[in-house]
Each structure stands twice: as C-alpha cells, then as structure tokens.
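Remarks on the structure that follows.
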Amino acid sequence: MNIQQLRYFCSVMNAGSFSGAAREANVTVQAVSKAIGELEAELGEPLFVRRSKGAVPTAFGLELSRYAQQALEAFDKVGDMFEARRTDAVKAGDTFRVLLAVPFFSNHRIVCAGLERFLSKQLGTKVSFGLCMGYEAVPQLLSGDLDALITIGEYSNPLCDSVRVGTLPVGVFLSSKHPLRKKKLVTMSDLAPYPVCHAEGSTISTRRS
C-alpha cells in the first residue's frame, strides 16, 4: 500500500467513478484502475462495485475510506510542514531560487527535493527548487524574489525576455539586471563565468520581447 493508491481511492470515493477520479488527478483511467486493483489485491477484498455509470463502494470500501482520508490529511500536513521549513530556510540563507513552470503532479515534492540536491551539488551553492504556473512566477522574478524561471513548452510574457535553450521549446527567464539579457545570442563561452549545467555543443539564443 502506498499514499498514491490511497489518494486515488479517495478520489474515486468523492467522484463516484474511475473516470471522474482520473480527471481530478489529471491521469488516465487505466492508471486509477491499476492502482485500485493493486490495492484490492493487497487487502484481499474489493473496494468498489464497478458499474457502467460509476463505481459504488463496498462495505469494506466505506470503512476504509474513513481511515484513508485521515491518512491523506496527515500526509499532506507533513508535506506542508516540510514546504514551510524549506521556505523559511530560503528566506534565512543565501539561496539560489529556481521555479519550473509546469502543473503540479504526483510526488512533485520528492522530485523537487532531488533536483535541489542535484543542482546544489553541481552549482556549488544552495538551491531552492519548486513548481509553479508561469503567471505566478513572473511577478516574483521581476521583484527580485526569484532568481530563475524555467519553462517547458512555448511560453511568452511581455514583461520578460526568454533565453531559449537549444532546439527544444525550453526557456530560461533572466532578471532585467542580468548582463546576458542584453545579448541576442548567448554561447557556452558567454556562460563560462556562471555556474550552470548544460550539454556540451549546445547554443543558447535569446528572443527579445
């Protein structure tokens, strides 16, 4: 049993169907069905009666739902506490603050913590890494509360210049005071004085807004 299985289970309970739970979690119906099936196999009893128009919880499913919801709330409180401590550490120390503009996904806190450790080691400085929506990060970038915003996919904002990395639609936004923002073409030689991670042989170009 894992926390994601319980999260899908509670989603099915609330939505009344596997498809509704899948929409809520932004995953496929097959992913939800597989997780519930594995949970039922481990517990040895069915949790839902599958019907053409939804899923009805069994008596065992109703009993489990009370404990599952409590477990999720406790788990989320632990995550919130960790996030609050991480935020306080960022405010207290000299930290390079990075946000990735993508929707939140399952276990994103674990992924961000791993990236923080990797980037901190590679860059030789403490890094804070999190997720956000682009429109949420741009004001932080412009106010100086954020050091870098990384986007995946096409993204543009009239308030920022985007540094596009290679041929993939991945961009890095720089603050208005950064010396590289004045250049129309940024090469790896230009990046040499800065602690960055990159693939050899790449060229980075900028698009002016």
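The values are calculated or read from the model by the stated rules, or taken from the named source; none is laboratory data. Since this is a predicted model, take the numbers as computed values, not measurements. Ideal geometry is used to build each Cβ from the backbone, glycine not excepted, and the neighbour counts take in all protein chains shown. Note: areas computed on protein heavy atoms with side chains; ligands, DNA, RNA excluded. Shrake-Rupley method; radii C 1.70, N 1.55, O 1.52, S 1.80 Å.
List the lysines whose alpha-carbon lies under 30 Å from that of Lys34, not counting same-chain residues fewer than 8 positions away?
In chain and number order, the partners are Lys53, Lys77.
Taking 0.36 nm per residue of separation and subtracting the Cα-Cα distance, what length does fully extending Ala113 through Ala192 add?
Stretched fully, the Ala113-Ala192 segment lengthens by 25.8 nm.
In terms of solvent-accessible area of protein heavy atoms at a 1.4 angstrom probe, what is the ranking of Met13, Met1, highest value first?
The most accessible residue leads, giving Met1, Met13.
How far apart, in nm, are the 7 Å Cα→Cβ label points at Ala84 and Ala31?
2.9 nm
Could you please tell me the mean projected area of the C-alpha convex hull for region 38-86, averaged over all directions and given in square nanometres to one decimal?
4.8 nm²
Subtract the Cα-Cα distance of Phe75 and Gln140 from 0.36 nm times their separation in residues, and report this length gain in nm to one decimal.
Taking Phe75 through Gln140 to full extension adds about 20.5 nm, to one decimal.
How many percent of the accessible area of region 95-139 is carbon or sulfur, using a 1.4 Å probe?
Of the solvent-accessible surface of region 95-139, carbon and sulfur hold 65 percent.
Among Ala21, Gly44, Val98, whose Cα projects farthest towards the positive end of the dipole of region 1-144, with charges put on the beta-carbon of Lys, Arg (+1) and Asp, Glu (-1)?
Positive-end residue among those listed: Val98.
List the residues whose amide H sits under 5 Å from the amide H of Val127, counting only those 5 or more places along or on another chain, with H placed 1.01 Å from N in the peptide plane.
Counting only residues 5 or more places away or on other chains, the set is Phe96, Ser120.
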